[in-house]
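Below is one structure, written out as structure tokens; comments come after it.
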């Protein structure tokens, strides 16, 4: 029998707060983390709001600060010691050069350029954790950190490591990203009411909201966790992934890629669809994603309760999979399903059992989805400890 994988540490920074408990309290209260952009003057931009993390800075420096806070919280909670049997895997994307470089007379330093690399946060995490085992970076857009957790689970099962520090980080509240995603027609344009802009599965949704944040988990082999007396927060039970091979920005209307990822996660966990008591949907608030995902969920599950926490904190892109995985661990711990902010008129074309407000529930297994531009899909299942 394959050894179980224990989640022993959690850490995150989101637009709703610094730290796991601060974000969790805000999620249960359906608070709003979306407001007018403060990192730059958005006057004249097609979209003037985002879900920014409560930290100063921008670009690589901001990502480093987000990473440090979230990783240190996860390590402190876990009590994990450094060593050669500890690995790192995280989801991240390359940082964009600061706009100031366009007018800079001198060439940027090697350190400044190096900080923009997708694997810069991976190196940072390894140093923070004293992890001298294998390390890797996953860059599959919005699926990045979900896939990083899945890859970490695979390394643990193969016996390559005893523990993995895994998660993701992203910060996209910057001019180039706002303009770029606006040109794609992917962002909500509710500039007059940003707090209502992110509305997954609502009939009047018009796009997603860019977010910032970081989420990290410590996952280890049960024997390792038991031997050092670590508190097991949840079990990491299943992982499934797929590729749509469809379009860059759209999902297939029948949701086949999402279906395949969820079905693979169930198979990996040895569970049936009826065993899942809650799904934290990818639910971006775009027309196509919500329709495709809900179609896949309805095809595989029978009225399982579903919500999307992006209505509160926007879309954290490379970090969303890890952050929402943490919310699932907390849902199991507290036996509660988070609600869906801004769900005023559910779209009848999205045939899922939506949770409006946070509710108490008996939960043994929960599933979380992350789907990315380019057609990558990832689903994770966690079990009650």
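Annotations
- Subset of the range 209-231 [on the phi < 0 side of the Ramachandran plot and either part of a strand (DSSP E or B) or in contact with a helix residue (DSSP H, G or I) (Cβ under 6 Å, 6 or more places away or on another chain) (or both)]: 210, 211, 212, 214, 215, 216, 217, 218, 219, 220, 221
- Leading residue by the ranking (modelled with the lowest pLDDT) among those in the range 251-274 that are more than 18 Å from residue 157 (Cβ to Cβ) and not in a helix (DSSP H, G or I): 251
- Residue 136 meets the conditions (1) crowded, with 20+ Cβ neighbours inside 10 Å; (2) part of a strand (DSSP E or B) in every case but one. The failed one is (1).
- Exactly one residue out of 311, 321 is part of a helix (DSSP H, G or I) and within 13 Å of residue 202 (Cα to Cα): that is 311.
- Filter pass, residue 75 being more than 24 Å from residue 152 (Cβ to Cβ), touching a residue at least 60 places away in the same chain (Cβ under 8 Å) and either in a helix (DSSP H, G or I) or out of contact with any strand residue (DSSP E or B) (no Cβ under 8 Å at 6 or more places or on another chain) (or both): no
- Residue list for the range 18-46, filter: under 17 Å from residue 341 (Cα atoms) and part of a strand (DSSP E or B): 35
- Residue ID - modelled with the lowest pLDDT, chosen from residues in the range 340-385 that are surrounded by 17 or more Cβ atoms within 10 Å (Cβ to Cβ), part of a loop (DSSP other than H, G, I, E, B) and under 17 Å from the mean Cα position of the chain (by Cα): 373
- For the range 27-77, a residue qualifies if it is touching a helix residue (DSSP H, G or I) at 6+ places or on another chain (Cβ under 7 Å), surrounded by fewer than 18 Cβ atoms within 10 Å (Cβ to Cβ) and under 22 Å from residue 284 (Cα atoms), and the qualifying residues are 31, 35, 36, 45, 46.
So that you can scan it fast, the table gives a plain yes or no per residue for (1) touching a helix residue (DSSP H, G or I) at 6+ places or on another chain (Cβ under 6 Å); (2) closer than 13 Å to residue 24 by Cα; (3) crowded, with 20+ Cβ neighbours inside 10 Å:
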position	(1), (2), (3)
289	no, no, yes
305	no, no, no
308	no, no, yes
319	yes, no, yes
322	yes, no, yes
328	no, yes, yes
332	no, yes, yes
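- Residues (farther than 30 Å from residue 156 by Cα and in contact with a strand residue (DSSP E or B) (Cβ under 6 Å, 6 or more places away or on another chain)) located in the range 208-250: 208, 209, 210, 211
- The lone criterion from (1) assigned to a strand (DSSP E or B); (2) buried (at least 24 other Cβ atoms within 10 Å of the Cβ) left unmet by residue 235 is number (2).
The values are calculated or read from the model by the stated rules, or taken from the named source; none is laboratory data. The shown structure was predicted, so the numbers you read here are calculated from the model rather than taken from an experiment. Here Cβ is always computed from backbone atoms with ideal geometry, including for glycine, and neighbour counts include all displayed protein chains.
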